[in-house]
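Chemist: Have a look at this one before I ask anything.
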Amino acid sequence: MNAGATLMPDDAIESLAQRLWQAAATREPVPPLRETAATLGLEPTAAQAYAIQRSVRDRRVRGGDRVVGRKIGLTSRAVQQQLGVDSPDYGNLWAGGSFGDGDEVSMATLIQPKVEAEVALVLGRDVDTPHASIADLVRATDFALAALEIVDSRIADWRIGLFDTIADNASAGAFVLGGDPVRLDRLALRDAAMVLTRNGTTASQGVGRACLGHPLNAAAWLARALARQGEPLRAGDIVLTGALGPMVAAAAGDAFEARIEGLGAVSVRFA
């Protein structure tokens with residue numbers, strides 16, 4: 001295809017999805033998709049970006065992986081202002097990207113990873129109403145866990161805008177769950193302090209209210225957004241509710257540990 005050729009919207013979406021798919025397979029990031037979209041005649045809207053995300057998801061499912069939950073991104077007001085948006089975004093969590101406390105993650109599966117500490121929720125009931133409230137999320141949640149999200153970008157040098165990060169599965173890479181489940185009625189997540197260390201040195205700090213004022217606010221936003229799309233949260237889903245503090249770049253040999261007040265610790269090593 002010649003540079004600057006205009007495609008039908010569905011063809012352009014598939015072309016951009018293929019670029020992300022190849023970037024993940026080869027570990028060679030691609031230029032920002034918002035720039036490429038313009039050359040293909042595709043308006044870089046959030047709706048088109050989610051269509052690209054779904055196309056890549058379908059390819060991964062066909063390849064044998066499965067969705068085990070959802071992640072919420074852009075929960076920091078500062079990051080929203082940086083990207084010129086006023087709401088979070090979301091992506092898929094994969095069985096193939098799930099790790100347990102203390103596991104080792106191979107850098108060979110990643111491109112340019114960073115680590116964030118988050119609160120994970122594990123659901124015991126569906127949340128299928130587009131008007132989901134905090135109370136609905138509390139009733140639906142079996143327990144919470146400390147978690148680390150390994151964010152990664154298939155976009156070169158993390159030069160992302162909103163269109164790029166949505167299309168790229170909300171910049172998801174992998175995730176690590178702690179092993180100490182706690183019921184929500186035993187937690188005060190709004191004021192829960194978080195400390196993330198890299199190789200024993202404090203690298204990031206935060207608190208529950210850094211995530212849209214409360215991690216459950218983020219989860220309720222996600223539940224409403226997915227229900228409106230006809231893909232609601234289901235019993236058994238894992239929900240990563242968003243970063244409690246700044247993300248930290250990871251390199252081979254690094255060891256990370258996060259401690260979240262009330263939820264204990266979770267750790268990961270990078271091979």
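Chemist: Report, ordered by the first and then the second residue, all pairs with beta carbons closer than 7 Å, sequence separation of six or more or different chains, a first member in region 118-129 that is in contact (Cβ under 8 Å) with a residue 12 or more places away in the chain and of a type outside the set (A, V, I, L, M, F, W, C), and a second member that is open to solvent by less than 10 Å² (accessible area, probe 1.4 Å) and in a strand (DSSP E or B).
Modeler: 118/147; 118/149; 118/240; 118/241; 118/242; 126/233
Chemist: Would you confirm whether any residue within region 147-156 is in a loop (DSSP other than H, G, I, E, B) and β-branched (Val, Ile, Thr)? Show your work before the answer.
Modeler: Here is the first cut: in region 147-156, the ones in a loop (DSSP other than H, G, I, E, B) are 152-154.
Now drop any that are not β-branched (Val, Ile, Thr), which leaves none.
Within region 147-156, none of the residues are in a loop (DSSP other than H, G, I, E, B) and β-branched (Val, Ile, Thr).
Chemist: Additional query: Within region 157-177, track down each residue that is touching a Leu at 6+ places or on another chain (Cβ under 9 Å), outside any helix (DSSP H, G or I) and modelled with pLDDT under 95.
Modeler: Hits for region 157-177 are 160, 161.
Chemist: Considering only region 139-171, state which residues are without any contact (Cβ under 8 Å) to a residue 60 or more places away in the chain and touching a Pro at 6+ places or on another chain (Cβ under 6 Å).
Modeler: Of everything in region 139-171, those that are without any contact (Cβ under 8 Å) to a residue 60 or more places away in the chain and touching a Pro at 6+ places or on another chain (Cβ under 6 Å) turn out to be 143, 152.
Chemist: Say whether the condition of being under 12 Å from residue 262 (Cα atoms) and touching a helix residue (DSSP H, G or I) at 6+ places or on another chain (Cβ under 7 Å) is met by at least one residue in region 164-185.
Modeler: Yes, the conditions are met somewhere in region 164-185.
Chemist: For residues that are in contact with a strand residue (DSSP E or B) (Cβ under 9 Å, 6 or more places away or on another chain) and assigned to a helix (DSSP H, G or I), scanning just region 190-216, find the one that is surrounded by the most Cβ atoms within 10 Å (Cβ to Cβ).
Modeler: Going through the qualifying residues, I end up with 215.
Chemist: When you look at residue 180, is it at pLDDT 95 or above, out of contact with any Lys or Arg (no Cβ under 9 Å at 6 or more places or on another chain) and open to solvent by 10 Å² or more (accessible area, probe 1.4 Å), yes or no?
Modeler: On the way: at pLDDT 95 or above: yes; out of contact with any Lys or Arg (no Cβ under 9 Å at 6 or more places or on another chain): yes; open to solvent by 10 Å² or more (accessible area, probe 1.4 Å): yes.
Answer is yes for this residue.
Chemist: Checking residue 72 against (1) under 25 Å from residue 141 (Cβ atoms); (2) at pLDDT below 95; (3) of a type in the set (Val, Ile, Thr), which single condition isn't satisfied?
Modeler: It is condition (2) that residue 72 fails.
Chemist: Considering only residues of region 100-114 that are out of contact with any Asp or Glu (no Cβ under 7 Å at 6 or more places or on another chain) and of a type in the set (Val, Ile, Thr), which is farthest from residue 266 (Cα to Cα)? Give the steps one after another, and end with the answer.
Modeler: Initial filter on region 100-114 (out of contact with any Asp or Glu (no Cβ under 7 Å at 6 or more places or on another chain)): 100-109, 114.
Then drop every residue that is not of a type in the set (Val, Ile, Thr), which leaves 105, 109.
On the way: 105: 14, 109: 21 Å.
In this case the residue turns out to be 109.
Chemist: Kindly list, by first and then second residue, each pair from a residue in region 92-116 that is hydrophobic (A, V, I, L, M, F, W, C) to a residue that is assigned to a loop (DSSP other than H, G, I, E, B) and surrounded by fewer than 16 Cβ atoms within 10 Å (Cβ to Cβ), limited to pairs with Cβ atoms under 7 Å and residues at least 6 apart or on different chains.
Modeler: Matching pairs, first to second residue: 94/65; 95/65; 95/66; 105/271; 107/252; 107/271; 111/27.
Chemist: Residues in region 161-177: is at least one on the phi < 0 side of the Ramachandran plot and surrounded by fewer than 18 Cβ atoms within 10 Å (Cβ to Cβ)? First the steps, then the outcome.
Modeler: Of all residues in region 161-177, those on the phi < 0 side of the Ramachandran plot come to 161-168, 172-177.
After this cut, where a residue has to be surrounded by fewer than 18 Cβ atoms within 10 Å (Cβ to Cβ) as well, the list is none.
No; the residues of region 161-177 include none that is on the phi < 0 side of the Ramachandran plot and surrounded by fewer than 18 Cβ atoms within 10 Å (Cβ to Cβ).
Chemist: Let me ask you something else. Give me the residue from region 128-160 that is under 15 Å from the mean Cα position of the chain (by Cα) and not aliphatic (A, V, I, L, M) and, out of that set, surrounded by the fewest Cβ atoms within 10 Å (Cβ to Cβ).
Modeler: 158
Chemist: Considering each of 87, 76 in turn, give the residue that is hydroxyl-bearing (Ser, Thr, Tyr) and farther than 30 Å from residue 11 by Cβ. It would help to see each step written out before you state the result.
Modeler: Details: 87 fails: farther than 30 Å from residue 11 by Cβ.
76 is the lone residue from the list that is hydroxyl-bearing (Ser, Thr, Tyr) and farther than 30 Å from residue 11 by Cβ.
Chemist: Another question about this same structure. Please indicate, with yes or no, whether at least one residue in region 38-61 is more than 26 Å from residue 232 (Cα to Cα), touching a Phe, Trp or Tyr at 6+ places or on another chain (Cβ under 6 Å) and either modelled with pLDDT of 95 or more or charged (D, E, K, R) (or both).
Modeler: Of all residues in region 38-61, those more than 26 Å from residue 232 (Cα to Cα) come to 38-43.
Of the ones still in play, those that are also touching a Phe, Trp or Tyr at 6+ places or on another chain (Cβ under 6 Å) are none.
Within region 38-61 (the criterion being more than 26 Å from residue 232 (Cα to Cα), touching a Phe, Trp or Tyr at 6+ places or on another chain (Cβ under 6 Å) and either modelled with pLDDT of 95 or more or charged (D, E, K, R) (or both)), the answer is no, since none of the residues qualifies.
The values are calculated or read from the model by the stated rules, or taken from the named source; none is laboratory data. Computed from a prediction, not measured in an experiment: that's the story for all the values here. A quick note on method: Cβ atoms are made from the backbone with ideal geometry, for glycine too, and the neighbour counts reach across all protein chains shown. Only protein heavy atoms, including side chains, enter the accessible area calculation; ligands, DNA and RNA are left aside. Shrake-Rupley method; radii C 1.70, N 1.55, O 1.52, S 1.80 Å.
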